[in-house]
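S.K.: Pasting a structure below so you can have a look.
Rule-based calculations on the coordinates, nothing more; no lab input. Predicted model only: the values in this text are computed from it and were never measured. Using ideal geometry, Cβ is built from the backbone for each residue, glycine included, and neighbour counts are taken over all protein chains shown.
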């Protein structure tokens, strides 16, 4: 049981922006966890769908090289695929 009031915890959670939430999920994915990412389905009745990050971004063990420096990594959340 927490000693912090429920209203205070909700206020802290609601102050986070969408970009902060997405960056936290990206960091979790880089560390080998598999958070759920909410995406739009494009269908009007269904609206949004939660998918595992590994399904959306791939396996972090094959995408990231932990020996590289931070500047050399691709920090884009949704990599753009080219037809080249």
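S.K.: Could you list 38, 62 so that the one with the fewest beta carbons within 10 Å of its beta carbon is first and the one with the most is last? Walk me through the intermediate numbers first.
M.R.: Details: 38 13, 62 7.
Listed from fewest to most nearby Cβ atoms, that is 62, 38.
S.K.: Could you put 29, 57 in order, starting from the residue whose Cβ has the fewest other Cβ atoms within 10 Å? Spell out each step's value before the answer.
M.R.: Working: 29 23, 57 19.
Taking fewest neighbouring Cβ atoms as first place, the list is 57, 29.
S.K.: Continuing with this model, one more query. Modelled label-to-label distance, residue 28 and residue 2, 7 Å Cα→beta-carbon offset: nm?
M.R.: Output for this residue pair reads 1.5 nm.
S.K.: Looking at the square roots a ≥ b ≥ c of the eigenvalues of the Cα gyration tensor of the range 8-65, which shape do they give, rounded for a/c under 1.5, prolate if a/b is larger than b/c, or oblate? Mind dumping the intermediate values first?
M.R.: Numbers: a/c = 2.84, a/b = 1.14, b/c = 2.49.
Oblate, since a/c reaches 1.5 and b/c is not below a/b.
S.K.: Using only alpha carbon pairs under 8 Å that are at least six residues apart, calculate the relative contact order of the range 8-65 and give it in whole percent.
M.R.: On the way: 43 pairs, mean separation 14.9, N = 58.
About 26 percent, as a whole number.
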